[in-house]
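The values are calculated or read from the model by the stated rules, or taken from the named source; none is laboratory data. These numbers were taken from a predicted model, which means no experiment stands behind them. Cβ placement follows ideal geometry from the backbone for every residue including glycine, while neighbour counts extend to all protein chains displayed. Each accessible area value is taken on the protein alone, full model and side chains, heavy atoms only, with ligands, DNA and RNA left out. Shrake-Rupley method; radii C 1.70, N 1.55, O 1.52, S 1.80 Å.
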Amino acid sequence: AQSVTQLDSQVPVFEEAPVELRCNYSSSVSVYLFWYVQYPNQGLQLLLKYLSGSTLVESINGFEAEFNKSQTSFHLRKPSVHISDTAEYFCAVSEKDSSYKLIFGSGTRLLVRP
Amino acid sequence: NAGVTQTPKFRVLKTGQSMTLLCAQDMNHEYMYWYRQDPGMGLRLIHYSVGEGTTAKGEVPDGYNVSRLKKQNFLLGLESAAPSQTSVYFCASRIPLGGRTYEQYFGPGTRLTVT
(Lines give C-alpha, C1' and ligand atoms only; values in the text may rest on other atoms or scores of the structure.)
Protein backbone atom coordinates (compact mmCIF):
# COMPACT_ATOMS: atom_id res chain seq x y z
CA ALA A 1 0.00 0.00 0.00
CA GLN A 2 1.08 3.51 -0.65
CA SER A 3 2.08 5.92 2.07
CA VAL A 4 3.51 9.41 2.21
CA THR A 5 5.67 10.79 5.00
CA GLN A 6 6.27 14.44 5.70
CA LEU A 7 8.55 14.36 8.69
CA ASP A 8 8.39 18.07 9.52
CA SER A 9 5.04 19.26 10.83
CA GLN A 10 6.22 22.87 10.97
CA VAL A 11 9.16 24.69 9.43
CA PRO A 12 9.90 28.23 10.63
CA VAL A 13 12.19 30.28 8.41
CA PHE A 14 13.15 33.92 7.98
CA GLU A 15 12.14 35.86 4.91
CA GLU A 16 14.58 35.55 1.98
CA ALA A 17 16.14 32.39 3.45
CA PRO A 18 16.11 29.09 1.55
CA VAL A 19 13.79 26.29 2.58
CA GLU A 20 13.36 22.57 1.94
CA LEU A 21 10.21 20.64 2.80
CA ARG A 22 10.79 16.92 2.84
CA CYS A 23 8.57 14.23 1.39
CA ASN A 24 9.18 10.49 1.21
CA TYR A 25 6.80 7.94 -0.19
CA SER A 26 6.45 4.20 -0.43
CA SER A 27 4.80 2.33 -3.26
CA SER A 28 5.33 -0.93 -5.06
CA VAL A 29 4.36 0.53 -8.44
CA SER A 30 5.05 3.62 -10.49
CA VAL A 31 3.51 6.79 -9.14
CA TYR A 32 2.70 10.36 -9.98
CA LEU A 33 3.83 12.93 -7.42
CA PHE A 34 2.30 16.24 -6.42
CA TRP A 35 2.77 19.16 -4.08
CA TYR A 36 -0.34 21.10 -3.07
CA VAL A 37 -0.46 24.34 -1.07
CA GLN A 38 -3.24 25.40 1.27
CA TYR A 39 -3.51 29.01 2.40
CA PRO A 40 -5.50 29.70 5.59
CA ASN A 41 -9.20 28.88 5.30
CA GLN A 42 -8.91 27.91 1.66
CA GLY A 43 -8.92 24.75 -0.42
CA LEU A 44 -5.86 23.09 -1.91
CA GLN A 45 -4.09 24.43 -4.96
CA LEU A 46 -1.68 22.47 -7.11
CA LEU A 47 1.86 23.79 -6.75
CA LEU A 48 3.72 21.36 -9.01
CA LYS A 49 3.69 17.78 -10.23
CA TYR A 50 5.94 15.05 -11.52
CA LEU A 51 4.46 12.70 -14.09
CA SER A 52 7.48 11.55 -16.13
CA GLY A 53 10.57 12.87 -17.86
CA SER A 54 12.86 15.38 -16.17
CA THR A 55 13.13 14.68 -12.46
CA LEU A 56 13.33 18.39 -11.59
CA VAL A 57 10.01 20.21 -11.81
CA GLU A 58 9.34 23.88 -11.18
CA SER A 59 6.38 26.06 -10.30
CA ILE A 60 5.65 29.57 -11.53
CA ASN A 61 6.33 31.13 -8.11
CA GLY A 62 9.89 29.87 -7.61
CA PHE A 63 9.37 26.49 -5.94
CA GLU A 64 10.98 23.37 -7.34
CA ALA A 65 10.93 19.69 -6.46
CA GLU A 66 13.14 16.82 -7.48
CA PHE A 67 11.99 13.25 -7.92
CA ASN A 68 14.55 10.79 -6.58
CA LYS A 69 13.46 7.28 -7.41
CA SER A 70 16.23 5.50 -5.50
CA GLN A 71 15.45 7.40 -2.31
CA THR A 72 11.70 7.51 -3.00
CA SER A 73 11.67 11.21 -2.24
CA PHE A 74 10.11 14.34 -3.72
CA HIS A 75 11.44 17.21 -1.63
CA LEU A 76 10.20 20.75 -2.21
CA ARG A 77 12.66 23.65 -2.24
CA LYS A 78 12.72 27.39 -2.68
CA PRO A 79 15.94 29.43 -2.66
CA SER A 80 14.38 32.56 -1.13
CA VAL A 81 10.99 32.60 0.61
CA HIS A 82 8.53 35.45 1.01
CA ILE A 83 6.06 36.21 3.78
CA SER A 84 3.31 35.30 1.33
CA ASP A 85 4.63 31.71 1.15
CA THR A 86 3.31 31.10 4.66
CA ALA A 87 0.90 28.21 4.19
CA GLU A 88 0.52 24.48 4.67
CA TYR A 89 2.12 22.26 2.06
CA PHE A 90 0.98 18.76 1.26
CA CYS A 91 2.85 16.10 -0.65
CA ALA A 92 0.69 13.52 -2.43
CA VAL A 93 1.15 10.43 -4.56
CA SER A 94 -1.12 8.70 -7.01
CA GLU A 95 -0.59 5.22 -8.34
CA LYS A 96 -0.88 4.77 -12.05
CA ASP A 97 -4.18 2.91 -11.89
CA SER A 98 -7.71 3.59 -13.05
CA SER A 99 -8.90 5.63 -10.09
CA TYR A 100 -6.03 8.14 -9.69
CA LYS A 101 -6.70 8.38 -5.98
CA LEU A 102 -4.40 10.70 -4.08
CA ILE A 103 -2.65 9.65 -0.89
CA PHE A 104 -1.59 12.68 1.12
CA GLY A 105 1.13 13.27 3.66
CA SER A 106 0.22 14.88 6.97
CA GLY A 107 1.34 18.31 5.79
CA THR A 108 4.10 20.78 6.66
CA ARG A 109 3.26 24.25 7.89
CA LEU A 110 5.74 26.76 6.49
CA LEU A 111 5.96 29.84 8.69
CA VAL A 112 7.93 32.69 7.16
CA ARG A 113 9.01 35.36 9.59
CA PRO A 114 10.13 38.91 8.74
CA ASN B 1 -16.17 28.61 -14.86
CA ALA B 2 -16.96 28.39 -11.15
CA GLY B 3 -14.71 25.32 -10.87
CA VAL B 4 -15.54 23.10 -7.89
CA THR B 5 -18.11 24.49 -5.47
CA GLN B 6 -19.30 23.08 -2.14
CA THR B 7 -22.50 23.70 -0.20
CA PRO B 8 -22.74 24.57 2.66
CA LYS B 9 -19.54 26.29 3.80
CA PHE B 10 -20.22 25.74 7.51
CA ARG B 11 -22.60 23.54 9.47
CA VAL B 12 -23.16 22.55 13.07
CA LEU B 13 -25.01 19.30 13.75
CA LYS B 14 -26.12 17.54 16.88
CA THR B 15 -25.15 13.90 17.37
CA GLY B 16 -27.55 11.66 15.49
CA GLN B 17 -28.71 14.27 12.96
CA SER B 18 -28.30 13.72 9.25
CA MET B 19 -27.14 15.98 6.47
CA THR B 20 -25.96 16.04 2.87
CA LEU B 21 -22.98 17.93 1.52
CA LEU B 22 -23.18 18.94 -2.12
CA CYS B 23 -20.24 19.17 -4.48
CA ALA B 24 -20.71 20.58 -7.97
CA GLN B 25 -18.25 21.06 -10.82
CA ASP B 26 -18.74 22.73 -14.18
CA MET B 27 -15.60 21.42 -15.89
CA ASN B 28 -17.06 18.22 -17.34
CA HIS B 29 -14.81 16.15 -15.09
CA GLU B 30 -15.37 12.41 -14.93
CA TYR B 31 -13.73 11.67 -11.59
CA MET B 32 -14.88 13.16 -8.30
CA TYR B 33 -13.62 12.61 -4.75
CA TRP B 34 -14.57 13.39 -1.15
CA TYR B 35 -11.82 13.89 1.45
CA ARG B 36 -11.80 14.85 5.09
CA GLN B 37 -9.03 16.92 6.63
CA ASP B 38 -8.13 16.58 10.29
CA PRO B 39 -5.24 18.28 12.11
CA GLY B 40 -1.95 16.44 11.70
CA MET B 41 -3.45 13.81 9.40
CA GLY B 42 -3.51 15.44 6.01
CA LEU B 43 -6.44 14.59 3.75
CA ARG B 44 -7.99 11.14 3.75
CA LEU B 45 -10.19 9.80 0.98
CA ILE B 46 -13.76 8.95 2.01
CA HIS B 47 -15.42 7.92 -1.27
CA TYR B 48 -14.85 8.56 -4.92
CA SER B 49 -16.54 8.21 -8.29
CA VAL B 50 -15.02 7.45 -11.69
CA GLY B 51 -18.14 8.46 -13.60
CA GLU B 52 -21.86 9.18 -13.43
CA GLY B 53 -23.71 6.45 -11.59
CA THR B 54 -20.56 4.92 -10.04
CA THR B 55 -19.17 5.17 -6.51
CA ALA B 56 -16.41 3.41 -4.60
CA LYS B 57 -15.03 3.36 -1.06
CA GLY B 58 -11.87 5.15 -0.10
CA GLU B 59 -9.71 4.93 2.99
CA VAL B 60 -12.27 6.06 5.62
CA PRO B 61 -15.80 5.31 4.27
CA ASP B 62 -17.57 4.24 7.48
CA GLY B 63 -20.46 6.48 8.49
CA TYR B 64 -20.75 8.11 5.05
CA ASN B 65 -22.69 7.43 1.88
CA VAL B 66 -22.39 9.04 -1.54
CA SER B 67 -24.31 9.35 -4.76
CA ARG B 68 -23.40 10.49 -8.27
CA LEU B 69 -26.72 10.70 -10.11
CA LYS B 70 -25.51 13.53 -12.35
CA LYS B 71 -22.03 13.90 -13.77
CA GLN B 72 -21.58 17.39 -12.35
CA ASN B 73 -22.71 16.60 -8.78
CA PHE B 74 -21.29 14.37 -6.05
CA LEU B 75 -23.23 14.18 -2.79
CA LEU B 76 -21.82 13.10 0.57
CA GLY B 77 -24.33 11.99 3.20
CA LEU B 78 -24.05 11.51 6.92
CA GLU B 79 -27.01 9.43 8.11
CA SER B 80 -26.35 9.72 11.86
CA ALA B 81 -23.65 12.24 12.67
CA ALA B 82 -21.08 11.52 15.36
CA PRO B 83 -18.56 13.85 17.06
CA SER B 84 -15.77 11.90 15.32
CA GLN B 85 -17.07 13.28 12.02
CA THR B 86 -16.19 16.83 13.03
CA SER B 87 -13.81 17.80 10.26
CA VAL B 88 -13.27 19.90 7.18
CA TYR B 89 -14.58 18.16 4.07
CA PHE B 90 -13.12 18.77 0.64
CA CYS B 91 -14.45 17.73 -2.70
CA ALA B 92 -12.18 17.37 -5.71
CA SER B 93 -12.55 16.50 -9.37
CA ARG B 94 -10.26 15.37 -12.14
CA ILE B 95 -10.15 16.08 -15.85
CA PRO B 96 -12.20 14.12 -18.37
CA LEU B 97 -11.53 10.52 -19.24
CA GLY B 98 -8.43 10.21 -21.38
CA GLY B 99 -6.94 13.45 -20.14
CA ARG B 100 -3.29 13.43 -19.21
CA THR B 101 -2.73 16.09 -16.59
CA TYR B 102 -3.74 13.86 -13.64
CA GLU B 103 -4.07 16.53 -10.95
CA GLN B 104 -7.22 17.04 -8.92
CA TYR B 105 -9.02 20.36 -8.53
CA PHE B 106 -10.33 21.12 -5.05
CA GLY B 107 -13.35 22.97 -3.73
CA PRO B 108 -13.14 25.51 -0.88
CA GLY B 109 -14.25 23.05 1.81
CA THR B 110 -17.10 22.57 4.26
CA ARG B 111 -16.38 22.94 7.95
CA LEU B 112 -18.62 20.55 9.90
CA THR B 113 -18.93 20.46 13.68
CA VAL B 114 -20.87 17.70 15.41
CA THR B 115 -21.75 18.39 19.04
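Given 0.36 nm per residue, what is the gain on full extension from A:Val11 to A:Glu64 after removing their alpha carbon distance, in nm? Walk me through the numbers before you get to the answer.
On the way: separation 53, 0.36 × 53 = 19.08 nm, distance 1.69 nm.
Answer, rounded to one decimal: 17.4 nm.
I need the GluC sites (Glu not before Pro) found in the range A:1-66, filtered to DSSP loop residues with at most 13 other beta carbons within 10 Å of theirs.
Values: sites: A:Glu15, A:Glu16, A:Glu20, A:Glu58, A:Glu64, A:Glu66; in loops: A:Glu15, A:Glu16.
Qualifying residues, ordered by number: A:Glu16.
Can you give the accessible area per residue of chain B, in Å², using a 1.4 Å probe? Intermediate results must be reported in sequence, preceding the final value.
Values: 5380 Å² over 115 residues.
Value for chain B: 47 Å² per residue.
Output wanted: per-residue J couplings in Hz (rounded whole) for the range B:37-54, from phi through Karplus 6.51 cos²θ - 1.76 cosθ + 1.60, θ = phi - 60°, x for Gly and Pro.
Per-residue couplings from phi come out as 10, 10, x, x, 10, x, 9, 10, 6, 8, 9, 8, 9, 9, x, 3, x, 10 Hz.
Against the empirical 2.2 N^0.38 Å scaling, what ratio does the C-alpha Rg of the range A:3-113 come to? Could you put the intermediate results ahead of the total?
Numbers: Rg = 13.4 Å, N = 111, 2.2 N^0.38 = 13.2 Å.
Expressed relative to 2.2 N^0.38 Å, the Cα Rg reads 1.02.
Explain nothing, just compute: Karplus ³J(HN,Hα) = 6.51 cos²θ - 1.76 cosθ + 1.60, θ = phi - 60°, for every residue of the range A:83-95 in order, whole Hz, x for Gly and Pro.
Using θ = phi - 60°, the values come out as 3, 5, 7, 4, 4, 9, 10, 10, 8, 9, 10, 9, 6 Hz.
Amide H of A:Ser106: which non-local residues (sequence gap of 5 or more, or other chain) have their own amide H closer than 5 Å, using H built in the peptide plane?
It is A:Gln6, by chain and number.
Taking beta carbons within 10 Å but only from partner chains, what does the mean come to for residues B:17-30?
Details: counts 0, 0, 0, 0, 0, 0, 0, 0, 0, 0, 0, 0, 0, 0.
Counting other chains' Cβ atoms within 10 Å and averaging over B:17-30 gives 0.
Which value, in Å², gives the accessible area per residue of the range A:3-113 when a 1.4 Å probe is used on the protein heavy atoms? Could you put the intermediate results ahead of the total?
Values: 5260 Å² over 111 residues.
Heavy-atom accessible area per residue stands at 47 Å².
Treating chain B as a set of equal point scatterers at the Cα positions, no solvent, please give the Debye-formula log₁₀ I(q)/I(0) at q = 0.10, 0.15, 0.23 Å⁻¹.
-0.26, -0.59, -1.35
With label points built 7 Å along Cα→Cβ from the Cα atoms of B:Asn1 and B:Ser18, find their separation and express it in nm.
It is 3.5 nm.
If amide H atoms are built 1.01 Å from N in the plane of the peptide, which residues on other chains or at least 5 residues away come under 5 Å of the amide H of B:Ile95?
Amide H neighbours of B:Ile95: B:Tyr102.
Show me, for the range A:66-79, the HN-Hα J-couplings you get by feeding each phi into the Karplus relation (A = 6.51, B = -1.76, C = 1.60, θ = phi - 60°), rounded to Hz, glycine and proline as x.
3J(HN,Hα) across the range A:66-79, in whole Hz: 10, 7, 10, 5, 5, 9, 6, 10, 8, 6, 9, 9, 8, x.
Return the equivalent ellipsoid semi-axes of the protein assembly as shown as a descending list in whole Å, where each equals the square root of 5 times an eigenvalue of the C-alpha gyration tensor. Spell out each step's value before the answer.
Working: eigenvalues 173, 88, 50 Å².
Value: 29, 21, 16 Å, ordered largest first.
Where in the range B:4-28 is the amide nitrogen less than 12 Å from a point lying 7 Å along the Cα-to-Cβ axis of B:Thr86?
B:12-15
What's the center-to-center distance, using Cα atoms, between the range B:41-59 and the range A:71-87 in Å?
Rounded to whole Å, the Cα centres lie 29 Å apart.
How about the range A:5-114: which trypsin sites (Lys or Arg not before Pro) there lie in a loop by DSSP and see at most 11 other Cβ atoms within 10 Å?
Working: sites: A:Arg22, A:Lys49, A:Lys69, A:Arg77, A:Lys96, A:Lys101, A:Arg109; in loops: A:Arg22, A:Lys69, A:Lys96, A:Lys101.
The qualifying sites are A:Lys69.
Place a point 7 Å from Cα of A:Arg77 in the direction of its Cβ. Which residues in the range A:1-26 have their backbone N less than 14 Å from it?
So the set is A:18-23.
Averaged across the residues of B:102-112, what count of C-beta atoms belonging to other chains lies within 10 Å of each residue's C-beta? Present the calculation step by step, with values, prior to reporting the outcome.
Details: counts 8, 12, 9, 4, 7, 2, 4, 5, 0, 1, 0.
Rounded to a whole number, the mean comes out at 5.
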